[in-house]
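The values are calculated or read from the model by the stated rules, or taken from the named source; none is laboratory data. Being a predicted model, the structure only gives us computed values, none of them experimental. Quick reminder, even Gly has a Cβ in these numbers, built from the backbone with ideal geometry, and neighbours come from all protein chains shown.
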Amino acid sequence: MQFFATLITISYKNEYIFEETPRMSTYLLGWAMHDFVSESSTNQLRFSQNFRMWTRRSMDHRGSIALRQGQSIYSFLNDWLLVDNPIPKMDQIAVPDFNFHAMENWGMITYRESVVLYDDELTPTRNMLDGFTTMAHEYAHTWFGNLVTPTFWDVAWLKEGFASYFQYFAVSMVQPTWRMMDKFVVDTLQPAMLLDSTDHDRVMNGKNVGSPSSIMAVLDFVSYKKGASVIRMLSHVIGESAFRDGLRSYVKNMSYDAATPHDLYRHLQSSADNHGQLPRNMSIEGIMESWTNQPGYPLVTVARNYDMGTFTVSQERFRWNKTRDQSQSELKWWIPLTFTTETARNFSAVKPRYWLKRKCENLTAPLNISSSRWIIFNIQQTGYYRVNYDENNWQMIARYLSSRDFLKVHRANRAALIDDAFNLARAGYIDYSIAFNLSKYLVREIDHEPWVAAVNNLKFLNNVLSGTRVQRAFQEYANRLLQPRYKQLNFTDSKDEDITAKLNKELILATSCLVGSVDCLNLSESLFRNWITKPDETIPRDVKNFVYCEGIRNGGEEDWYLVMDRWLNTDLQTEQDLLLQGLGCTRESGLIKSYLELSLTDEQTVRKQQRMMIVTAILDGNVENVDHVLEFVRSNLQRIIELRGSDFLGKVISGIGQRMRTRKQTETLRAFIQGHSKQLGSTLDTARKALSAALENVKWIKKYLPSIVRYFT
């Protein structure tokens with residue numbers, strides 16, 4: 001093993017002299033003092049012996065799976081970018097209690113234990129996959145952040161956007177059967193658009209960034225998920241070869257330097273010109289600046305003239321409250337338009353056929369298909385925008401998806417159609433009947449990605465409809481969609497299932513229980529009871545997440561304390577996190593209070609990173625739990641401030657506001673804020689924003705509940 005420090009003993013003192021680092025930013029420097037044991041990679045790849053995982057002794061070899069995948073991913077990135085890491089080692093440390101999920105210290109990456117330490121029999125597939133992508137994210141920082149560092153934090157997307165893109169792209173190249181770039185659509189792009197739909201002014205090239213708090217504020221979905229989505233869109237605009245060659249040039253020529261977005265654009269432009277990938281009157285900087293200097297994202301509306309055989313495309317900013325701040329309707333983007341028709345069904349043509357220019361109100365073009373055939377825009381959802389159609393085209397798409405030919409529409413586009421339709425309905429652009437009718441085809445759906453999009457939207461509706469007279473009818477509708485797929489699955493582990501099948505099993509079974517499937521609830525209860533009475537038994541790894549929750553939700557105080565005891569005596573952090581989440585599903589007010597008390601304790605049994613996880617588990621456990629959490633905060637406000645500070649308090653209050661659904665709840669929150677405004681101090685603004693979010697939830701339910709009731713009655 002190669003050592004990178006020299007030990008010198010002088011006057012009974014030990015001094016370690018480390019090798020000189022490359023030129024680097026100070027935030028990347030890290031030290032670790034520990035008594036951990038190490039495991040080296042067994043892959044026959046470069047510097048295998050210096051590619052190590054350090055863990056607590058009791059976790060020795062728990063990092064083997066992550067280590068094997070990690071070196072393959074790292075080697076791919078090194079070969080793809082053609083620029084070697086100047087530090088010829090990769091130490092990776094699994095930290096038992098760590099505020100962040102991971103940190104890219106150069107040559108010494110640190111992770112939470114749950115990111116990289118697994119038991120193949122116990123750890124769910126989703127947790128391991130999330131771990132692999134997190135590792136890929138940190139490896140990508142070797143080039144985007146470490147070798148080439150953004151000039152300042154206001155353009156953090158230059159490192160976090162690229163790392164978030166490569167965490168999917170790199171894994172997809174190492175494991176092509178996992179379809180990671182399809183998963184990117186539902187795991188990164190669609191969640192980014194969800195967050196980007198609010199009335200905010202946050203842009204990728206940040207404004208007024210300077211103080212520590214403002215720097216932390218820009219490390220958000222805009223720098224990470226939106227940045228990655230816009231980067232992915234650009235890669236399709238100029239093509240994979242031009243994108244790759246441009247990034248190689250950028251990293252090679254900007255190494256050990258601070259980069260601006262203009263530096264990136266300059267190298268990509270040169271490569272795009274060499275490959276002939278952009279029209280002469282267009283520039284990458286011009287295109288990208290419309291995405292990086294404006295908040296939100298566009299809604300592309302496609303209106304067909306069925307008599308003339310044309311379509312007209314227009315754009316506006318998409319947002320939940322589209323009646324507010326009409327001045328922002330002036331926001332326009334350079335939008336790459338891709339589409340296919342029912343006749344062509346070419347879902348691989350991701351290069352733009354037209355551009356909706358920033359200075360143009362709309363674009364009209366001929367469409368050489370029958371008026372009875374559909375058109376679908378945004379192939380594979382490569383563009384960071386939503387698409388709306390006239391009602392006739394929506395109906396034609398719905399009919400086609402309900403036919404046996406539905407698989408001829410790319411799975412990413414099926415996911416996009418579902419997500420767009422439900423979010424357009426949520427924002428009032430279309431009636432909910434269009435989204436519900438479109439989703440009827442799901443009884444045939446077998447692919448994971450469309451189901452992720454569907455489940456995300458079904459969960460939202462199930463939550464906001466909780467306690468209303470229409471929730472039961474909605475759950476019956478959801479169950480009818482899920483049942484055909486549910487019947488094809490089981491609650492056991494199978495080594496013959498590929499990774500996507502395992503992910504889909506957890507998704508479908510968990511959602512079936514959520515919407516009240518009697519069979520799902522009974523089987524979950526049976527598994528939980530067996531596990532409670534026979535401690536040596538284990539629940540199959542890909543169903544335990546919701547089985548723990550359902551067991552606690554329907555169990556009593558004795559069950560809760562038994563699970564708590566197992567949590568306290570479990571050493572593997574991935575299993576700890578699952579038990580922690582399950583404990584939050586109790587409905588018992590006394591147990592909720594006891595659990596919240598644990599978030600304030602300084603006992604070693606509760607890690608610092610788990611304090612907020614406990615609160616979130618309770619808030620997510622049952623819709624009514626939000627009332628118990630607010631009462632706990634009201635009764636213990638001064639203790640929370642003294643023991644956990646304003647940042648923790650702000651996160652708790654934000655979580656409360658986001659989950660409130662009734663006028664009575666908002667009045668209780670308002671009274672709390674007014675009665676404790678001085679005590680809240682620096683958290684007062686956060687509390688007011690939480691109240692605003694709660695009021696918006698109530699307003700939304702009042703506005704859209706009637707149309708949902710009409711559909712189900």
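The residue of segment 79-104 that is farthest from D602 (Cα to Cα), among those that are among the polar types (S, T, N, Q) and surrounded by 20 or more Cβ atoms within 10 Å (Cβ to Cβ), is N85. Give the residue that is surrounded by the most Cβ atoms within 10 Å (Cβ to Cβ), with candidates limited to residues of segment 526-543 that are more than 15 Å from T123 (Cα to Cα) and hydroxyl-bearing (S, T, Y). Filtering first and then ranking leaves S526. When segment 75-108 is filtered for residues that are under 18 Å from F169 (Cα atoms) and either acidic (D, E) or over 23 Å from the mean Cα position of the chain (by Cα) (or both), the ones remaining, listed by number, are S75, F76, N78, D79, W80, L81, L82, V83.
Take the conditions (1) in contact with a strand residue (DSSP E or B) (Cβ under 8 Å, 6 or more places away or on another chain); (2) surrounded by fewer than 20 Cβ atoms within 10 Å (Cβ to Cβ); (3) in a loop (DSSP other than H, G, I, E, B); G383 misses just one of them, which is (2). Reported count of residues in segment 636-678, each being in contact with a helix residue (DSSP H, G or I) (Cβ under 9 Å, 6 or more places away or on another chain) and farther than 21 Å from L695 by Cα, is 10. Does at least one position in segment 289-298 carry a residue that is in contact with a Leu (Cβ under 7 Å, 6 or more places away or on another chain) and under 24 Å from H141 (Cβ atoms)? Scanning segment 289-298 turns up no residue that is in contact with a Leu (Cβ under 7 Å, 6 or more places away or on another chain) and under 24 Å from H141 (Cβ atoms). Entry remark, segment 48-66: residues being surrounded by fewer than 22 Cβ atoms within 10 Å (Cβ to Cβ) and either acidic (D, E) or under 24 Å from the mean Cα position of the chain (by Cα) (or both) number 2 in total. Is it the case that some residue within segment 272-289 is among the basic types (K, R), surrounded by fewer than 19 Cβ atoms within 10 Å (Cβ to Cβ) and at pLDDT 95 or above? Within segment 272-289, none of the residues are among the basic types (K, R), surrounded by fewer than 19 Cβ atoms within 10 Å (Cβ to Cβ) and at pLDDT 95 or above. Taken together, the residues in segment 192-213 that are assigned to a helix (DSSP H, G or I) and either in contact (Cβ under 8 Å) with a residue 40 or more places away in the chain or under 18 Å from Q294 (Cβ atoms) (or both) amount to 4.
For segment 566-578, the count of residues that are under 22 Å from the mean Cα position of the chain (by Cα) and within 19 Å of R644 (Cβ to Cβ) is zero.
A residue that is in contact (Cβ under 8 Å) with a residue 12 or more places away in the chain, surrounded by fewer than 20 Cβ atoms within 10 Å (Cβ to Cβ) and on the phi > 0 side of the Ramachandran plot occurs nowhere in segment 215-234. Considered as a group, the residues in segment 520-543 that are in a loop (DSSP other than H, G, I, E, B) and of a type outside the set (K, R) include one that is modelled with the lowest pLDDT, and that residue is P535. Counting only residues that are more than 28 Å from the chain's Cα centre (by Cα), under 14 Å from W333 (Cβ atoms) and of a type outside the set (A, V, I, L, M, F, W, C), segment 251-310 holds 1 of them. Among the residues of segment 290-322, write down those that are at pLDDT below 95 and surrounded by fewer than 19 Cβ atoms within 10 Å (Cβ to Cβ). Answer for segment 290-322, where residues must be at pLDDT below 95 and surrounded by fewer than 19 Cβ atoms within 10 Å (Cβ to Cβ): W320, N321, K322.
Condition (residue is among the aromatic types (F, W, Y), buried (at least 16 other Cβ atoms within 10 Å of the Cβ), over 24 Å from the mean Cα position of the chain (by Cα) and assigned to a helix (DSSP H, G or I)) applied to segment 489-511: is it met by at least one residue? Checking segment 489-511: not a single residue is among the aromatic types (F, W, Y), buried (at least 16 other Cβ atoms within 10 Å of the Cβ), over 24 Å from the mean Cα position of the chain (by Cα) and assigned to a helix (DSSP H, G or I). Output the residues belonging to segment 428-485 that are of a type in the set (S, T, N, Q), in a helix (DSSP H, G or I) and within 28 Å of G657 (Cβ to Cβ). Matches in segment 428-485: N456, N457, N462, N463, Q471, Q475.
Applying the criterion of being over 21 Å from the mean Cα position of the chain (by Cα) and assigned to a helix (DSSP H, G or I) to the residues of segment 127-166, the residue that is farthest from N78 (Cα to Cα) is D154.
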